[in-house]
Amino acid sequence: MPHERIRAVAGIKQYAEEGEFTKDSNIITIFPDHGSRYMSKVFSDDWMNEQGFFDSVNEEEVQKIEFVK
């Protein structure tokens with residue numbers, strides 16, 4: 001993931017050079033990761049269901065999305 005981090009910092013630098021920030025600006029950057037630490041949770045349908053993230057009211061729409069995969 002170093003390339004994504006470099007791109008994020010390069011974007012901030014570009015905005016700074018264009019004068020988008022003042023000396024009082026606060027800049028927040030979120031660096032992505034590969035998600036391997038979340039394999040047993042966020043990427044697990046069972047865990048997501050247990051936590052209440054799946055909405056049975058819209059289950060038909062979810063099935064359509066899964067079909068596209």
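Here the spin labels are modelled as points 7 Å beyond Cα on the Cα-Cβ line, and at K23 and A10 they lie 3.1 nm apart. What a 1.4 Å probe finds exposed on the range 1-53 is 53% carbon and sulfur by accessible area, rounded to a whole percent. 3J(HN,Hα) along the range 10-19: 5, x, 4, 4, 5, 4, 5, 5, 7, x Hz, from the Karplus curve 6.51 cos²θ - 1.76 cosθ + 1.60 with θ = phi - 60°, whole Hz, x for Gly and Pro. If a paramagnetic tag sat 7 Å from the Cα of S36 along the Cα-Cβ line, which residues of the range 1-30 would have the backbone N under 12 Å from that point? Under 12 Å, as judged by backbone N against the label point of S36, lie 1 of the range 1-30.
The values are calculated or read from the model by the stated rules, or taken from the named source; none is laboratory data. Everything numeric in this text was worked out from a predicted model, so none of it was measured. Note: ideal-geometry Cβ built from the backbone for every residue, glycine included; neighbour counts use all protein chains shown. Protein only, heavy atoms only, side chains kept; ligands, DNA and RNA dropped before computing areas. Shrake-Rupley method; radii C 1.70, N 1.55, O 1.52, S 1.80 Å.
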